[in-house]
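A short worksheet on the structure shown next.
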């Protein structure tokens, strides 16, 4: 018996609870071999709240889970989901349905589609930023705190931005971490 990845649509903000409930259903029915892994892809983001930097975890796909379920080789164009696994997942209270295929025969995801979420450490994480060249920004940390300037260059790879700030009446380019800047 092989396992395939399927996308589930669930009630928003119920991802963790639904994941635990699905695992419990399979265990309670003594069929844990039908369930592989359950993924809720997230990313960690540094945000500024009340003047403090905080790391928060954001869901990449709110309202969706990726579930690895038993599948059987069928005569169709894709492997057929094990009917018992399908039924057990559908009995979870916050599951709205499978994504792709038909309601009775969902289409599994390609491994290439989900690989980046299975092991995110393999991919190099780049800092996310909304800061772009030409925007006005305020410095929130360091010796130039509360200075306002114009972004000249953004280097996402290094997580830096070069900003033209007014020092003694002259525009001076200074390099800052992206996390030390907020949009004005």
Checklist line | Options 42, 27: the member that is farther than 20 Å from residue 108 by Cβ, surrounded by 15 or more Cβ atoms within 10 Å (Cβ to Cβ), at pLDDT 80 or above and in the same structural domain as residue 6 (by TED's automatic domain parsing) | finding: 42
Notebook entry, point to check: Which of the strands (runs of 3 or more DSSP E) contained wholly in the range 1-50 include at least 1 residues that are without any contact (Cβ under 8 Å) to a residue 12 or more places away in the chain?
Noted result: 42-49
Notebook entry, point to check: Out of (1) under 30 Å from residue 180 (Cα atoms); (2) in contact (Cβ under 8 Å) with a residue 24 or more places away in the chain, the odd one out for residue 56 is which?
Noted result: (2)
Check: residue 65 is checked against (1) surrounded by 17 or more Cβ atoms within 10 Å (Cβ to Cβ); (2) modelled with pLDDT under 85 and fails just one. What number does that condition carry?
Finding: (2)
Note to self: Being more than 22 Å from the chain's Cα centre (by Cα), assigned to a strand (DSSP E or B), at pLDDT 90 or above and not assigned by TED's automatic domain parsing to the domain that holds residue 159 is the requirement here; does residue 70 meet it?
What the structure shows: yes
Next item on the list: Could you please let me know if residue 142 is free of Cβ contacts under 8 Å to residues at least 24 places away in the same chain, outside the structural domain of residue 60 (by TED's automatic domain parsing) and surrounded by fewer than 12 Cβ atoms within 10 Å (Cβ to Cβ)?
Entry: no
Checklist line | Residues of the range 73-99 that turn out to be assigned to a loop (DSSP other than H, G, I, E, B) and modelled with pLDDT under 90, as a count | finding: 7
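The values are calculated or read from the model by the stated rules, or taken from the named source; none is laboratory data. Keep in mind it's a predicted model, so treat the numbers as computed, not measured. Positions of Cβ are backbone-derived with ideal geometry, glycine not excepted, and every protein chain shown enters the neighbour counts.
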